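The values are calculated or read from the model by the stated rules, or taken from the named source; none is laboratory data. Worth saying up front: this structure is predicted, and the values here are computed from it rather than measured. All Cβ positions, even for glycine, are placed from backbone atoms using ideal geometry, and neighbour counts span all protein chains on display. In case anyone asks, the SASA skips ligands and DNA or RNA and just uses the protein heavy atoms, side chains included. Shrake-Rupley method; radii C 1.70, N 1.55, O 1.52, S 1.80 Å.
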Amino acid sequence: MNSMAKHHDPQHGESTVLERQDQRVEPPPMFQVLLLNDDYTPMEFVVLVLQQFFGKGREQATQIMLKVHREGKGVCGVYPQDIAATKVDQVTEFARQHQHPLQCVLEKT
């Protein structure tokens, strides 16, 4: 009887693994947080935003700021929707507090 129980365990284990694979949950959709160019927000303020809200180093923040300036927009980071939306709100509020029209938006990847 013991040998029968052992024989069934691996088979049961394999079917359990297959069931788990079939029930795999899709990862949540990810969103890019973008800064949009305008003619009024100082470049230094954009660099500050990238450092403060997106954890970018000075060099990387400067590169993203230049991309925003030259191409009209730049990616700050990619996050799940709730985190991306929170970052957009934080950046928008911070810009308004400092009287800058900087726009921050999210876009599904």
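One table, with the values for the structure above:
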read-out	value
Top-ranked residue in the range 71-105 [being assigned to a strand (DSSP E or B) and without any contact (Cβ under 8 Å) to a residue 60 or more places away in the chain; ranked as surrounded by the fewest Cβ atoms within 10 Å (Cβ to Cβ)]	Pro80
Residues of the range 28-45 that turn out to be more than 18 Å from Ala85 (Cα to Cα), open to solvent by less than 60 Å² (accessible area, probe 1.4 Å) and either among the hydrophobic types (A, V, I, L, M, F, W, C) or in contact with a helix residue (DSSP H, G or I) (Cβ under 8 Å, 6 or more places away or on another chain) (or both), as a count	2
